[in-house]
Amino acid sequence: MKLTRITRLKLRVFRDFAWPKDLHPFARFNLIYGWNGCGKTTLAWLLSRVERQETLNEGDVELEFDGEARVKGTAFASATLPQVRVFNRDFINSTLAQTGGIAPIYFFGKDSVEKLAQVEELKKELADIQDELRKAEAKKRSAEKDLDDFCVAKAKLIKELLTTANNPSYINYDKRRFKLAVAALDTQSAAAAMLTDDEKARFRSQKDAQPKPNIDKIAAPAIDLGALTREVDALISRSVVAQTLDELTSNSRLAAWVQEGLVLHSGEHASDTCRFCLQPFQTTRRTALEAHFNDAFARFQQELDVLLKKLKSSKQALGSLSLPDVSRFYESLASDALASSQKVSEACAEVQTAIDALIACVAEKRDQPFAPAPAATKVRGSTPPSLTGAVAELNAIIEKHNQISAQFKASVDEACKKLEASYVAEAQAEFAERSDAVKTAAAALEAVNTKFRIVQERIEELERDILEHHRAADELTAELRAYLGRDELRFETKDNGYALTRNGEYVAHLSEGERTAIAFLYFLKSLQDKSFDLENGIVVIDDPVSSLDDNALFSAFGYMKERTKEAGQIFIFTHSFSFFRLVKDWFHHLPGQRKKKIEDRPARFFLLRSRRHANGSRTSELGHVDRLLEEHESEYQYLFKRVYEEAHRDDVVELEHHYGLPNVARRLLEAFLAFRFPEMSGELYRRLERVSFDNAKKTRILRLLHTYSHADAISDPGHDLSLLAETQPVLRDLLELMEAVDKEHYDGLIKAVTRSSAEEQGEA
C-alpha cells in the first residue's frame, strides 16, 4: 500500500492545499526539498499520525493510497493504512533519554534471561519445522511449475494461431488469460465449445479478413459569425470621448508618433524640455496632448486589438480544419467523399472571406479611431449552413465507412472467440488434473505453515520483550563510527542501558548533531525489526543530517542509503542542498530512472514553497522541483533562475507575491560575491563596496535586501511597504550588476536558465 497523493491539506502552514492537476503522484522513492519554514515538519508530523493510526481532529486532511483509496484524517484510527516509520524531531525526543551524572542513554526494551532461553529452545523447534516446510514448498513449487508450463504452452499455441494483423487482441495472450478461460469451463460447457475440423477451417478463413481502418469524424469550428459581426458593429460604431486635436485626428501616423513621444516625457522621464527639439515643453501643449490620448482612448485601442486577435484566431481555426484523404475510404464511397470534402473546403473559404471583411473593418477603425467607420457586413446565423451541412454530409460518409469496418471486426472477433473456446475446451481435462495436484500440495504446505506461524509468533512476542541493549556495545560503536565517519564516540553497557564516552571520557552532554545521529542510527536499525515489513512499508525521513559536517554527512548518507534502499516507499525531506544532491544522485542512478515517461520512473522530486503574506502569515504548497535543482550540482543556478524570471515578468501580481524574493536575491548576491571575492569575509555591504557599479543602484539593492530578506521584517510597522513594490526593478538592477562584474559568467547563467525553461515547456 503506497501513498500516492495528498489530495487535500488544510493544516498549519498549508492553508488550503489541493494536489495540483499537473503534479505527478508520489513514486516509490520521493525527495522533497524546501527551505526552513516551508512545511517539511508539518508533512512529517502528519505522516507520523498515519504511523500511529491516530485520529486527526485538527485541520482538514485527505490522503490517497494506491491511486484510488482516499482516507480522511478523521478516519486514521479506523481505516486500513500501510505500515509507516517516521524519523523526525519527535522521534529524536522520544528515543533518547538521559539521567543525571554520567548520562547513560536508554533505548526501548527490557532484559530477560528466561525469555532469551525460551527463544533459543523455540528456534531449535522452528529449525525442524523449517526443514519440513522446505520439503512441502518444493512439492508445491513442482506442482505449480507443472501447471504453469502446461498453461504457457497452451497460451503460446492460441497466441500463434489467433494473432493476425486484423485482430491484434491476441498478441498479448498469455497463461493468465488461458487460466481464466479454462477455469470457467465445466465438463458440459467444454463439450459444447469443441469444434469439428471443418468448423475450425471455416473460422480460420473468417478471421483472416482484411478490413480498412476506421476514420475519425471531423468537427466544424465553433464560429458564430453573426455574433462576431455584431461585436464588430458595436465596437467600431463607438466614438472616443476625448478633446481631440485636428492635426492628430486626420493623420494616424503622426498621432502614433506623438503618443509614443508623450510617454517618453511622462512619469519617471518627465521633463519641461522637449527631448526632440530641446525647446520648452509648454504646459498648455502637454495638457492638450494628454486630453487627446486619454485613458478611454487607450482602452478603446486595446479593445480593437483584442477583437482583431479574436477574428484572426477564428480564421486560423478554419484554416487548420483537416480532412481525411479520399484514399482511406472504401472504393464504393471514394467519389462521394471527394465531392463532400470539396464542399467543406468551399464553405470554409466563404467563412474566411467574411472574417477577412470584419478584420478590415476593425483594422480601419484602429488606424482612424476618430473617423466614422462603415458598418460591418451583416451575417445571419452562426456558422453558415453550407459549412455545417457539408461537414454533416462528410461525417455521414465517414460513418458508413466505419460501419463497414465494424462488421469486418465483428466477424473476425467472432471467429477468434470460437476458435479460442475450442482450444481451451480441449485442454480442460489436463488442466483440471494439474490444478488438483497444486491444491493438494498447497493444503499440505498450509498445515506446516500454520505450525510454523504459531512458533514464530511466540518467538516474536518474546523478542519484543527483550531489551535492545542486549545487542553488543561494540556493534553499536561500529555502527556509529560507520555513520559519522569518525570513532571518538563509543558505547559501554551499563545497567539497563548504555553510557557514552568520547575519547575515553564520559559524555555528559551531546551536541544536536550527535543526538540526531544516534537517534537516526537507532531508527535505521528499527527498520529491520520483524514487526515492520520494510519491503512493503513506508519510510519517512525528515532532515536526518542536521548539524553534521561534510565528512559526517557523506558517511551518514551512505549508511542511510544502504538500510533504506529496499523500502516499499520512501520520503526524504531536507533543507540541506548538500544532502539533497547526494540523495538526488542516488535516485538518478536507480534502474529505470532514465525512462522517458515520468510515471515509469521509480523516483520523483518535489519542491516545497512558502509564501509570506502582508499580515505575517505563511502559506506553503507542494509542486514540481525546478529542473535546475534536479539536474545541476548547485543551488546557485536555481536562485539565479528565480531572480531572472521575476525580473522579466510582464504580468501584474499582488504585492504579497514579492515576499520571499528579497531573500532569494540576497542568497544569490552573497553566493556571487563570495565567488568573485573569495578572499573577503564579513557582511554583504563590504563585499558590495568592492564592486564598480552605479552607487545609487547598489544602495537600492542593499535597502531592499536588508529590509525584506529577514523573517521578521514584514511585521515591523516602520517598514514602508511601497519599497516592496520596487522588487522587480531592484532585481533587474541586481542582474545588471552581475553582468557588469562578470559578463561571461552572467551569459553562461542566462544560457543555463533559458535552456532549462525551454526544456520544461517542451515536456509540458
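Report yes if some residue within the stretch 319-329 is loosely packed, with under 15 Cβ neighbours inside 10 Å, in the same structural domain as S237 (by TED's automatic domain parsing) and more than 42 Å from the chain's Cα centre (by Cα); otherwise report no.
yes
Yes or no: the stretch 149-156 includes at least one residue that is assigned to a loop (DSSP other than H, G, I, E, B) and either among the hydrophobic types (A, V, I, L, M, F, W, C) or in contact with a Cys (Cβ under 6 Å, 6 or more places away or on another chain) (or both).
no
Taking the stated definitions as given, is L608 surrounded by fewer than 20 Cβ atoms within 10 Å (Cβ to Cβ) and either touching a residue at least 24 places away in the same chain (Cβ under 8 Å) or of a type in the set (D, E) (or both)?
Values: surrounded by fewer than 20 Cβ atoms within 10 Å (Cβ to Cβ): no; either touching a residue at least 24 places away in the same chain (Cβ under 8 Å) or of a type in the set (D, E) (or both): yes.
In short, no.
Would you please name the residue that is farthest from V232 (Cα to Cα), looking only at residues in the stretch 290-300 that are modelled with pLDDT of 75 or more and surrounded by fewer than 16 Cβ atoms within 10 Å (Cβ to Cβ)?
Out of the qualifying residues, it is A298.
May I ask you to list pairs of residues, at least six apart or on different chains, whose Cβ atoms are under 6 Å apart, with the first in the stretch 302-313 being closer than 14 Å to L228 by Cβ and the second being at pLDDT below 85 and loosely packed, with under 12 Cβ neighbours inside 10 Å?
Here the result reads none, with nothing in the stretch 302-313 linked to a residue that is at pLDDT below 85 and loosely packed, with under 12 Cβ neighbours inside 10 Å.
Please identify the pairs in which a residue from the stretch 648-673 that is in the same structural domain as R732 (by TED's automatic domain parsing) and modelled with pLDDT of 75 or more has its Cβ atom under 6 Å from the Cβ atom of a residue that is in a loop (DSSP other than H, G, I, E, B) and not aliphatic (A, V, I, L, M), counting only partners at least 6 apart or on another chain.
P662/S709; N663/S709; R666/S709
Within the stretch 313-333, can you find the residues that are of a type in the set (A, V, I, L, M), modelled with pLDDT under 85 and in a helix (DSSP H, G or I)?
Residues satisfying the conditions are A317, L318, L333.
Assigned by TED's automatic domain parsing to the domain that holds E430, closer than 30 Å to V438 by Cα and modelled with pLDDT under 90, is that true of A143?
no
List the residue pairs whose Cβ atoms are under 7 Å apart, where the first residue sits in the stretch 416-436 and is within 12 Å of F150 (Cβ to Cβ), the second is in a helix (DSSP H, G or I) and of a type in the set (V, I, T), and the two are 6 or more positions apart or on different chains.
Pairs that qualify, where the first residue is within 12 Å of F150 (Cβ to Cβ) and the partner is in a helix (DSSP H, G or I) and of a type in the set (V, I, T), are A427/V182; Q428/V182; F431/V182.
Please go through the stretch 132-173 and give me each residue that is surrounded by 13 or more Cβ atoms within 10 Å (Cβ to Cβ), among the hydrophobic types (A, V, I, L, M, F, W, C) and farther than 30 Å from A415 by Cβ, ordered by number.
Those that are surrounded by 13 or more Cβ atoms within 10 Å (Cβ to Cβ), among the hydrophobic types (A, V, I, L, M, F, W, C) and farther than 30 Å from A415 by Cβ: L133, A136, A143.
Scanning the stretch 83-131 for residues that are basic (K, R), modelled with pLDDT of 65 or more and within 46 Å of the chain's Cα centre (by Cα), which turns out surrounded by the most Cβ atoms within 10 Å (Cβ to Cβ)?
Among them, the one singled out is R85.
Might you check whether a residue that is in a loop (DSSP other than H, G, I, E, B), of a type in the set (V, I, T), closer than 30 Å to V424 by Cα and in contact with a helix residue (DSSP H, G or I) (Cβ under 9 Å, 6 or more places away or on another chain) occurs anywhere in the stretch 222-232?
Looking for residues that are in a loop (DSSP other than H, G, I, E, B), of a type in the set (V, I, T), closer than 30 Å to V424 by Cα and in contact with a helix residue (DSSP H, G or I) (Cβ under 9 Å, 6 or more places away or on another chain), one finds none in the stretch 222-232, hence no.
Condition test on G67, is it under 21 Å from the mean Cα position of the chain (by Cα), exposed (fewer than 15 other Cβ atoms within 10 Å of the Cβ) and at pLDDT below 95?
Numbers: under 21 Å from the mean Cα position of the chain (by Cα): yes; exposed (fewer than 15 other Cβ atoms within 10 Å of the Cβ): yes; at pLDDT below 95: yes.
Yes.
Does K530 count as assigned to a loop (DSSP other than H, G, I, E, B), more than 20 Å from the chain's Cα centre (by Cα) and surrounded by fewer than 22 Cβ atoms within 10 Å (Cβ to Cβ)? Quick ask: steps written out before the conclusion?
On the way: assigned to a loop (DSSP other than H, G, I, E, B): yes; more than 20 Å from the chain's Cα centre (by Cα): yes; surrounded by fewer than 22 Cβ atoms within 10 Å (Cβ to Cβ): yes.
In short, yes.
Please work out which residue is nearest to the chain's Cα centre (by Cα), limiting yourself to the stretch 45-55 and to residues that are over 13 Å from F14 (Cβ atoms) and buried (at least 17 other Cβ atoms within 10 Å of the Cβ).
L47
Do any strands (runs of 3 or more DSSP E) lying entirely in the stretch 18-83 carry at least 1 residues that are in the same structural domain as I570 (by TED's automatic domain parsing) and under 16 Å from I572 (Cα atoms), and which ones are they?
Because the criterion is at least 1 residues that are in the same structural domain as I570 (by TED's automatic domain parsing) and under 16 Å from I572 (Cα atoms), the strands (runs of 3 or more DSSP E) in the stretch 18-83 that meet it are 29-33.
Of all residues in the stretch 674-725, count the ones that are modelled with pLDDT of 65 or more, under 38 Å from the mean Cα position of the chain (by Cα) and outside any loop (DSSP other than H, G, I, E, B).
12
With assigned by TED's automatic domain parsing to the domain that holds S340 and either aliphatic (A, V, I, L, M) or touching a residue at least 12 places away in the same chain (Cβ under 8 Å) (or both) as the only criterion, which of T229, T187 stands out?
Testing whether each residue is assigned by TED's automatic domain parsing to the domain that holds S340 and either aliphatic (A, V, I, L, M) or touching a residue at least 12 places away in the same chain (Cβ under 8 Å) (or both) leaves just T229.
The values are calculated or read from the model by the stated rules, or taken from the named source; none is laboratory data. These numbers come from a predicted model, not from an experiment. Positions of Cβ are backbone-derived with ideal geometry, glycine not excepted, and every protein chain shown enters the neighbour counts.
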